[in-house]
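Note sheet for the following structure.
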Amino acid sequence: MKRLLLTLLICLITTFSFAGSIFYEGFEFANHDDEPPLGWTCDDNSWLCGYLDKDHNRTAHTGDWYAYTNANESWMFMPMYLSTELKYRFSYWAISDGSYEVEFWAGSEDNAANMSQLLFSTTVEGGAYELISAYIETINANYQYFGIHAVASEGAYHLTIDDINLDMVNKYDLEVTPYEFDTILYPGSQITIKYDVQNTGYEDLQIFMTPYTDYFTDIQFTEDGFNGSSFPTVSNQVVQCTCTATLLPSVAPGTRCWMDIMFTVSCDCVTRMATLWVTVADPTEVAENKPEIKLYPNPSQGHVNIEGIGQVTVVDLLGQTITTQWIDGKASIALPKGVYIIRLENGNEVSVRKLVIE
């Protein structure tokens with residue numbers, strides 16, 4: 001129980017400090033030079049902390065502190081609860097003046113005999129700092145510790161590691177922003193929706209977009225300027241997507257319309273949805289709802305006066321917001337030639353007017 005509480009405490013501290021991480025170790029706090037890293041179990045002192053630049057390659061990747069070993073074989077352990085229900089990504093920075101095999105293990109106790117699952121292993125050759133990461137798709141049991149095991153290939157070289165990071169991640173995952181869009185539109189007019197799609201998983205993805213609607217036609221997609229309804233992404237990449245669609249002329253004014261855009265990946269294991277909501281406006285009618293709003297002149301040659309109290313939003317026939325401002329009495333705005341919807345909101349009351357600029 002104490003181990004679990006310690007793990008939870010470490011998770012809380014590191015989560016507040018590093019968004020998206022459940023564990024981060026930069027060796028920057030409370031350590032002492034040439035002593036084992038604080039919080040780690042290293043019975044033979046084969047792992048030590050270093051401060052500032054030292055001989056050979058021993059220098060920090062970030063900050064002033066790091067951990068290093070020059071033993072032929074070395075272990076150190078950290079309490080960390082790893083669950084079979086979750087998926088993880090380990091990463092760390094390493095540099096060596098020789099060749100080291102570095103392994104990450106999971107187990108039930110803070111010793112080599114009880115390390116049960118090899119999570120991943122890499123070879124660190126001589127050279128500059130390199131970022132090493134691996135996605136752990138399967139945890140065989142609920143473990144209480146992870147361990148780092150380093151073995152020198154030839155003789156006792158120096159191996160330096162820094163900035164160890166552990167994330168809980170999905171192998172395939174994505175985010176879509178915005179998830180919904182709400183506007184006013186005339187029957188038969190076109191709308192353009194823009195959103196960002198980010199691959200937040202560990203693996204590269206092919207993302208597919210599929211629209212579902214009873215109200216729109218001529219639906220087309222572009223991604224970063226290229227036409228198509230699917231596109232590839234690499235991990236953490238953000239792609240800007242645009243959807244254009246035409247509201248059916250037959251839709252009656254006052255109808256609340258929708259269009260769902262489903263985002264799926266090639267494994268069919270992740271789905272996200274962006275929803276467009278449209279209230280169909282009637283260009284032949286003038287709303288009489290409070291709050292009171294006056295437009296003049298209407299039609300106008302470019303400048304129009306708006307009288308009322310509330311939040312005024314000007315929307316064009318593509319559904320794009322031209323301007324939004326608060327008025328308390330009277331305001332004057334200039335607009336290019338076209339037809340616009342003027343929406344005045346005050347609390348729960350809304351007034352809508354059609355404006356023509358000739």
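Return the residue satisfying two criteria in turn: it lies in segment 62-83 and is touching a Ser or Thr at 6+ places or on another chain (Cβ under 8 Å) and over 16 Å from Phe104 (Cα atoms), and of such residues it is surrounded by the fewest Cβ atoms within 10 Å (Cβ to Cβ).
Checked segment 62-83; the qualifying residue surrounded by the fewest Cβ atoms within 10 Å (Cβ to Cβ) is Ala71.
Out of the strands (runs of 3 or more DSSP E) lying entirely within segment 193-279, which hold 3 or more residues that are under 24 Å from the mean Cα position of the chain (by Cα), within 24 Å of Leu86 (Cβ to Cβ) and modelled with pLDDT of 85 or more?
Per the criteria, 256-265.
So which pairs qualify, if the first residue must be in segment 213-235 and over 18 Å from Asp260 (Cα atoms) and assigned by TED's automatic domain parsing to the domain that holds Ser250, the second must be hydroxyl-bearing (Ser, Thr, Tyr) and crowded, with 17+ Cβ neighbours inside 10 Å, the Cβ gap must be under 6 Å, and the two must be at least 6 apart or on different chains?
Ser235/Tyr202
From Ile139, Ile161, which residue is β-branched (Val, Ile, Thr), in a strand (DSSP E or B), crowded, with 16+ Cβ neighbours inside 10 Å and assigned by TED's automatic domain parsing to the domain that holds Phe23?
One residue alone meets the criteria, Ile161.
Could you grab the pairs with beta carbons closer than 6 Å, sequence gap of 6+ or different chains, first residue in segment 65-85 and farther than 17 Å from Met115 by Cβ, second one among the hydroxyl-bearing types (Ser, Thr, Tyr) and part of a strand (DSSP E or B)?
If the second residue must be among the hydroxyl-bearing types (Ser, Thr, Tyr) and part of a strand (DSSP E or B), the pairs left are Trp65/Tyr51; Tyr66/Thr160; Tyr68/Thr160.
So, of the residues in segment 92-113 that are surrounded by fewer than 16 Cβ atoms within 10 Å (Cβ to Cβ) and touching a strand residue (DSSP E or B) at 6+ places or on another chain (Cβ under 6 Å), which turns out to be nearest to Tyr202 (Cα to Cα)?
The qualifying residue nearest to Tyr202 (Cα to Cα) is Glu101.
The values are calculated or read from the model by the stated rules, or taken from the named source; none is laboratory data. Note that the coordinates shown come from a computational prediction; the quantities given were computed from them, not determined experimentally. Here the Cβ is made from the backbone with ideal geometry for all residues, glycine too, and neighbour counts use every protein chain on show.
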